[in-house]
């Protein structure tokens, strides 16, 4: 936490770009510092698929989790992909709280 602001890193499939942006806006208005993805590979940002870029972005996202107090998972329709599962496990291993957009079954 920085001063009175909780730091939240968003995680989830980049196919859910609209939900990422909506959640970022809502959490910001609730007084959170929000860290999100830099590119939406499954929503048109083709640069993600260049050699070595996805691996770099995946590692960078773990560093974003390191900086956060908690993560917020964008799990539209209950979908949680392999990369997001890895991020959730990492967050839990490092003692971060995990919240979800939709309830977990």
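FYI, it's all coordinate maths here, none of it is from the lab. Bear in mind that the values here come from a model prediction, so they are computed numbers and not experimental data. Methodologically, a virtual Cβ is constructed for each residue, glycine included, from the backbone with ideal geometry; neighbour enumeration extends over all protein chains shown.
See the values below:
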quantity: Ranked 13, 83, criterion: other C-beta atoms within 10 Å, fewest first; calculated: 83, 13
quantity: C-alpha long axis of helix 82-93 to longest principal axis of the chain, angle in °; calculated: 30
quantity: Residue order, fewest to most beta carbons within 10 Å, for 58, 69; calculated: 58, 69
quantity: Rounded tilt (10° steps) of 53-67 against the dominant C-alpha axis of the chain; calculated: 10
quantity: Tilt relative to the chain, helix 17-29 - C-alpha long axis, 0 to 90 degrees, to 10; calculated: 20
quantity: Per-selection Kirkwood Rh - the stretch 29-105 (Cα, Å, 1 d.p.); calculated: 13.6
quantity: Order of 34, 8, 98 - criterion: other Cβ atoms within 10 Å of each residue's Cβ, fewest first; calculated: 98, 34, 8
quantity: Antiparallel bridges, percent of DSSP beta bridges restricted to the chain (to nearest 5); calculated: 10
quantity: For the stretch 72-88 and the stretch 1-38, distance of Cα centres in Å; calculated: 14
